[in-house]
Amino acid sequence: SKHCVELDTRTANVTVKPFDLDMGFQFELHVTVSGKKINVSEIPKLPIPKDWVRDKLELHFYKTEQAAGGGEIKNVTYNKGSGTAVVTFLRPG
């Protein structure tokens, strides 16, 4: 855990210490359901790419098929500016 690092003409003694990275995000979604589409609102702005948010929404609503809801996804349209998304399913449910 202790190291000597040479910087130009000086030597520095350094110690390595572990730290925690906050990688997870938890947020609440507000949903309106109709036939084949779900309108999702109040999606918080997250420091991750738009595609990742879209993928997470698709996975969430696909996985809820086993828990009475969700199913196969046709399309997810995400608007980062307004914090909204529309999830379209292949079949109504």
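Per-structure values
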quantity	calculated
Exposure rank, largest accessible area first [30, 60; 1.4 Å]	60, 30
Spatially proximal lysines relative to residue 37 (Cα-Cα < 30 Å; intrachain offsets below 8 disregarded)	45, 50, 56, 63, 74, 80
Histogram of C-alpha separations across the range 37-89, 5 Å bin width, %	5, 22, 33, 23, 13, 5, 0
Inter-probe distance in nm under a simple model that places probes 7 Å from Cα toward Cβ, at residue 86 and residue 28	2.6 nm
Residue-wise HN-Hα coupling along the range 82-88, computed from phi with Karplus coefficients 6.51, -1.76, 1.60 (Hz; x: Gly, Pro)	9, x, 10, 8, 10, 9, 10
Chain lengthening between residue 6 and residue 37 when straightened (0.36 nm per residue, less Cα-Cα)	5.1 nm
Accessible area in the full protein assembly, largest first, 1.4 Å probe, for 54, 91, 10	10, 91, 54
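The values are calculated or read from the model by the stated rules, or taken from the named source; none is laboratory data. Computed from a prediction, not measured in an experiment: that's the story for all the values here. Note that we place each Cβ from the backbone using ideal geometry, even for glycine, and neighbour counts take in every protein chain shown. Ligands, DNA and RNA are stripped out before the accessible areas are found, and what is left, the full protein with its side chains, is counted by its heavy atoms. Shrake-Rupley method; radii C 1.70, N 1.55, O 1.52, S 1.80 Å.
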